Amino acid sequence: MKIKTKLRLGFGFLFIIVLSFGLIALFFLNELSDKSKVILKDNYKSLKYVAQMRNILNEDEFPFSAQNEEIFELNIKNEANNITEPGEKLEVEKLKSAYLKLKNTASNNVNIQVIRDLHLALRNIEGLNMKAIYDKNELATQASSRANLYIMIAATLSFIILFTFIVNFPGFVANPLAEFSAAIRGISRKNYKQRLNFENDDEFTELADAFNGMVVKLNEWENSNLSKIKSEKSRIEAIIAQMQDAIIGLNEKGEVLFLNHLAAKLMSLDEEKIIGQNVAELIKKNELLKRIIKPETEDKTLKIYADDKESYFLLEHREIVIPNYEEPTEEALITSSKSAGSVYVLKNITQFKELDEAKTNFIATVSHELKTPLSSIKMSLKLLNDARVGAMNEEQSQLLTHIKEDSDRLLKITSELLDLSQVETGNLKLTFALTKPEEIVQYAIDAVKFQSEQKSIKLELNCDPNLPKVNADIQKTAWVLVNFLSNALRYSSEKSKVVIDVFQKDKFIQFSVQDYGKGIDEKYQKRLFDRYFQVPTDGQNKSGSGLGLAISKDFIEAEDGKIWVESAIGEGSKFCFTLPVVD
């Protein structure tokens, strides 16, 4: 029999039991309800009428007032229409007769016997109805006891049947599932020798056959791949051991999984003893390991004494993420992977660091040596342009102008290279001073005023003279603004304008230079402040060395500020930087 059929029969049986018990209870409850209604149906009304008439007799003197007379006659009429018990009609006739005698008697000749007849008739009617209520209540009590007995018997039988069903029926489904659960836990422990056997012709038997087939295949796969897995593990360990980079591997609990020879040598650790130990305890005794696992700064370059000299290593940290095959939890609804540990790699960059220092020293030396002849060339050009030396024709003047422009450009590049070499060697010196933002901006505008007049470009300044002071190197900050303005003038069309905005934003003063040129493509904006990077031009504008913005970034960040660009094709560019205000 299929599981679906078993479930249908079981739940159908439960439905019949519950329905039967409900029908029995409903039948007896309806019977009890009918008996109760009979008690209160008519007898209560008769008692009410009698009570109202007795109150009038006791409280009012004869003759009755018109209102009481009307009420008394209405109650007699209602009682005459509500006769339910044997003998009640005779008593009502006596009541009517006594009332008529009382009504026809003069007020000063009230017959006491008539009053007594009225009271007697009322008492007899009341007695008949009270006795009827008592008799009917006894009948209702008997019906209630009988109903309670039958309902209790039905409830007991239903409880016994349902309890037996609840105890036994779930075993048809739960027992095979428990066996499957135990078998699956055995599979998780790589017990591939177990088998499931069900003799019932249902879905569990089919599932057990499929499960047994799966176990056979898993056993075959385990036996065929175990040697391969061990071989791959040995090969990976050999690769890690022979790598030229220092490597440390941790599991998700922070325990050391592997450590190659170079890493052990750098940190003076024993490879065999360190495996399996918790790194939280190791970093308490090893300062270098602490700098690797818990770096205090964002600088990834570490200076370590190795190979009998100071060496430089680049720290790389990778978290190992694997698919999550554990039992599902609420978190599994969000992610299907989990961390299996971390790998720390120390790459030896000493050779590249030495080459970079050599490059920096070479640039500094060459730039310094070029400044002297370039200064002499500029002095010679100034003398040649002096009319006292001699007159020159137009072609000679143009040649001197071109030579002056090129020498100025070379002198600017050499100055930028010298500044760059100072930054790279850590020898950048800033002379901080309290100054007004307006003075820095005005210094920069004066420096490019001649250049703007040549192209008829208007310099528009928006600056509040009451801005708080900033603590900055005036010359280098003004140099950044001059660099911004020179670029803006270079890429702006004639008779346009360049807007300089200076305003306070939170605890910073923001400087910005807005031009309305062609703008910069978004793909180039992220690299604008990289060294030696130049935005491709159409050949109309002479490009610089690609160092101006990179040096500007170093200057501003050294003053605890930030620098950025906002630009869009066809809308121009806006270069900005901020400096903290002085409290």
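Structural remarks
- Matching option when the condition is at negative phi, crowded, with 17+ Cβ neighbours inside 10 Å, within 45 Å of the chain's Cα centre (by Cα) and basic (Lys, Arg), among LYS476, LYS505, LYS469: LYS476
- Residue check, LYS285 farther than 18 Å from SER311 by Cβ and more than 37 Å from the chain's Cα centre (by Cα): yes
- PHE533 of a type in the set (Phe, Trp, Tyr) and in a strand (DSSP E or B): no
- Subset of region 262-287 [closer than 24 Å to GLN242 by Cβ and surrounded by fewer than 16 Cβ atoms within 10 Å (Cβ to Cβ)]: LYS265, SER268, ASP270, GLU271, GLU272, LYS273, ILE275, GLY276, GLN277
- Members of region 53-68 that are in a helix (DSSP H, G or I) and surrounded by 15 or more Cβ atoms within 10 Å (Cβ to Cβ): MET53, ARG54, ILE56, LEU57, ASN68
- Residue match in region 87-99 (condition: out of contact with any Ser or Thr (no Cβ under 6 Å at 6 or more places or on another chain) and outside any helix (DSSP H, G or I)): yes
- In region 545-572, the residues that are touching a residue at least 40 places away in the same chain (Cβ under 8 Å), more than 36 Å from the chain's Cα centre (by Cα) and outside any helix (DSSP H, G or I): SER545, LEU547, GLU559, ILE569, GLY570, GLU571, GLY572
A short reminder: the numbers here are calculations on the coordinates, not readings from a lab. None of the values given here were measured: they were computed from a predicted structure. Ideal geometry is used to build each Cβ from the backbone, glycine not excepted, and the neighbour counts take in all protein chains shown.
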